[in-house]
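First up is the structure itself, then whatever we jot down about it.
The values are calculated or read from the model by the stated rules, or taken from the named source; none is laboratory data. Predicted model only: the values in this text are computed from it and were never measured. Every residue, glycine among them, receives a Cβ derived from its backbone with ideal geometry; neighbour counts consider all protein chains shown.
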Protein chains: 2
Amino acid sequence: MKIVGGPSSIDLARKISSALNIPLVNVRTKRFPDGEFYFKFEEDISGEDLLIIQSLYPPQDAHAMELFLILHTARDLGANTIKLFVPYLAYSRQDERYLEGECLSAAMIAEVIETLGADALYTIDVHNENVLKMYKIPVYNLTASGELAKYFSNKNLRDPVVIAPDDEDLARRRAKHAAKVLNAEWNYLEKRRDRYTGEIVTFSKALEVRGRDIVIIDDIISTGKTAANAVKILKDQGADRVFVGASHILLLKDSIKIIIESGAEEVVGTDSVTNEYAKVSVAPIFVRALKGEIEKC
Amino acid sequence: MKIVGGPSSIDLARKISSALNIPLVNVRTKRFPDGEFYFKFEEDISGEDLLIIQSLYPPQDAHAMELFLILHTARDLGANTIKLFVPYLAYSRQDERYLEGECLSAAMIAEVIETLGADALYTIDVHNENVLKMYKIPVYNLTASGELAKYFSNKNLRDPVVIAPDDEDLARRRAKHAAKVLNAEWNYLEKRRDRYTGEIVTFSKALEVRGRDIVIIDDIISTGKTAANAVKILKDQGADRVFVGASHILLLKDSIKIIIESGAEEVVGTDSVTNEYAKVSVAPIFVRALKGEIEKC
């Protein structure tokens, strides 16, 4: 077995290689002056069982094309089996056509990944679980909420409450999972997103948070508005420190700034996205999953 | 029959719609704040014969993903047949693995396009004809060199010579094709590209160009170095005005600037790429092709 680190997840691939004591395949990647991606295996991979690690955070299209090209090359050159670890699975918004005529992006990604030869897919906290049903190959949706909770357990939390920033089933299960690790209570806020304007409205719900430390557990920080709203609501209700942990911090524009300005103590993400907020690694989650310990929520 | 204009080729799609007197399908496209593409057919396309127009100029990966998503949606919603017009077919550099372990990007693109349901592909002046062999569906490689030649025929050319900027068969055929339209002589320069450094070396070849007007016909202007070298060599040999016509002007950095500074009179491209140099349209070439008049070189 060998590990292939795609351009978006080189450090993560190194960590996984080290944890599993499985070598990284020597590869060469570059972008031509016109922007086209080039990939080359620097060693023979025919007959090998490969783990390809490539996250699809922004720029999603570039990272997806890199994944497609690496996968296609691996299969073409005779890899025996190919497992993908795509911590951030982009284009996972829609599980059905809410409006007639809409694209089902997740289904396209699934079809391409399968056509190009993937045998299994591992991902972290997918935004919508139903998109996993679009795959025929085995798909493992792992959660980083436990690892995020472990990070916050070092913050000397006082009488903590874990909060899901919205009331969707998946968000609540992630919060519950983190709360279990922290041996804490958990609760959730109510959120509505207008399907046409995209506008988010978070409802204030009376919570017993006065004087307590809060850990918000979210899947994706995109514009940061949802998390910022949640922080503000909790601070308004008298919460003490409010930490924000998210599986995927996409780092758009001033997303972190608005969360901090709304009163958050710290914003923490994972290395599903390569940036300075990636203080928690998803490597151990994947390593355990390979050994059959699937960490779900 | 209906026409779908992808985000990279909206104006071109309009021209084709107008020339064929076939309606454009109402579509909605956008990018979400995080960068993901969204597409929606605003009318029923089930049972329709569709022409999807989407060029893959830079950013190639974004334009390719848009094409994949539109194609996937069209097939999913029951289009009867789907013909693609992809004037600039990105990732067409390699027709084989020159070095062991290399990706065959063109083969990946071909496989995805076919899997997602395209029935035929039309393109303009592909960089390497052999990549077309990777398709099982019918592929038509049309040339814009005739239309480019027509543009230059209005320049009162004096005793013109059409020049191919390198000695590859395809480049020479394009020059010959343009020369026929202009009723002019044609010739070529010799070029070598170091496979490792990517460096281009154009050899000066003694040509009878003194006092004559020159039309350089190229397929792609990428960094602009090849065309700039060619212009310089021809000016050094005493050519009068040197015009540069290219099927695809990718408009990287200062590519046009270096060509003009090397002495070119004018640089002209086609609307295979949406930019200010697109003074020649590929619409009539595609329209004729649909009617069975395949303009090859």
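When you scan region B:117-142, how many residues do you find that are among the polar types (S, T, N, Q) and under 21 Å from B:ALA230 (Cα atoms)? Residues in region B:117-142 being among the polar types (S, T, N, Q) and under 21 Å from B:ALA230 (Cα atoms): 1 in total.
So the check is Cβ under 9 Å with 6+ separation or different chains; which pairs have a first residue in region B:62-82 that's in contact (Cβ under 8 Å) with a residue 24 or more places away in the chain and a second one that's among the charged types (D, E, K, R) and buried (at least 24 other Cβ atoms within 10 Å of the Cβ)? Once the first residue is in contact (Cβ under 8 Å) with a residue 24 or more places away in the chain and sits in region B:62-82, its partners that are among the charged types (D, E, K, R) and buried (at least 24 other Cβ atoms within 10 Å of the Cβ) give B:ALA62/A:ASP61; B:HIS63/A:ASP61; B:ALA64/A:ASP61; B:MET65/A:ASP61; B:GLU66/A:ASP61.
Once region B:219-270 is narrowed to residues that are within 19 Å of B:ASN154 (Cα to Cα) and acidic (Asp, Glu), the residue that is farthest from the chain's Cα centre (by Cα) is B:ASP240.
Per-residue answers, yes or no, for (1) facing chain B (nearest Cβ under 7 Å); (2) surrounded by 20 or more Cβ atoms within 10 Å (Cβ to Cβ):
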site: A:ILE10; (1), (2): no, no
site: A:ALA13; (1), (2): no, yes
site: A:ILE16; (1), (2): no, yes
site: A:LEU20; (1), (2): no, no
site: A:GLY35; (1), (2): yes, no
site: A:GLU42; (1), (2): yes, no
site: A:ILE53; (1), (2): no, yes
site: A:ALA64; (1), (2): yes, yes
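No other residue among B:THR81, B:THR29 is of a type in the set (Val, Ile, Thr), within 25 Å of A:ALA90 (Cβ to Cβ) and surrounded by fewer than 24 Cβ atoms within 10 Å (Cβ to Cβ) apart from B:THR29. Within region A:84-95, restricting attention to residues that are buried (at least 24 other Cβ atoms within 10 Å of the Cβ) and touching a strand residue (DSSP E or B) at 6+ places or on another chain (Cβ under 9 Å), the residue that is nearest to the other protein chains (Cβ to nearest Cβ) is A:TYR91.
For region B:197-213, filtering for residues that are loosely packed, with under 12 Cβ neighbours inside 10 Å and at pLDDT 80 or above leaves 2. Residue check: A:ILE258 meets all listed conditions (1) surrounded by 22 or more Cβ atoms within 10 Å (Cβ to Cβ); (2) in contact with a helix residue (DSSP H, G or I) (Cβ under 7 Å, 6 or more places away or on another chain) but one, namely (1). Regarding region A:247-260, can at least one residue be identified that is farther than 20 Å from A:VAL181 by Cα, touching a residue at least 24 places away in the same chain (Cβ under 8 Å), acidic (Asp, Glu) and assigned to a loop (DSSP other than H, G, I, E, B)? Yes, that holds for at least one residue. Residues in region A:96-107 that are assigned to a helix (DSSP H, G or I) and buried (at least 23 other Cβ atoms within 10 Å of the Cβ): A:SER105, A:ALA106.
Restricting attention to region A:66-76, the residues being surrounded by fewer than 24 Cβ atoms within 10 Å (Cβ to Cβ) and either at the interface with chain B (Cβ under 7 Å from one of its Cβ atoms) or out of contact with any strand residue (DSSP E or B) (no Cβ under 7 Å at 6 or more places or on another chain) (or both) number 2. For region A:136-151, the criterion of being within 14 Å of chain B (Cβ to nearest Cβ) and charged (D, E, K, R) is satisfied by at least one residue. Just give me the residues in region B:211-246 being among the acidic types (Asp, Glu) and either closer than 17 Å to B:TYR188 by Cβ or free of Cβ contacts under 8 Å to residues at least 60 places away in the same chain (or both), in sequence order. Hits for region B:211-246 are B:ASP213, B:ASP218, B:ASP219, B:ASP236.
If only residues of region B:268-294 that are in a loop (DSSP other than H, G, I, E, B) and farther than 20 Å from B:VAL215 by Cα are counted, the one that is modelled with the highest pLDDT is B:VAL273.
All but one of (1) under 30 Å from A:TYR196 (Cα atoms); (2) in contact with a Leu (Cβ under 6 Å, 6 or more places away or on another chain); (3) facing chain B (nearest Cβ under 9 Å) hold for A:GLU100, so report the exception by its number. The one condition A:GLU100 does not meet is (2).
Among the residues of region A:103-119, are any away from chain B (no Cβ under 11 Å), of a type in the set (A, V, I, L, M, F, W, C) and within 18 Å of A:ILE70 (Cα to Cα)? Yes, region A:103-119 contains a residue that is away from chain B (no Cβ under 11 Å), of a type in the set (A, V, I, L, M, F, W, C) and within 18 Å of A:ILE70 (Cα to Cα).
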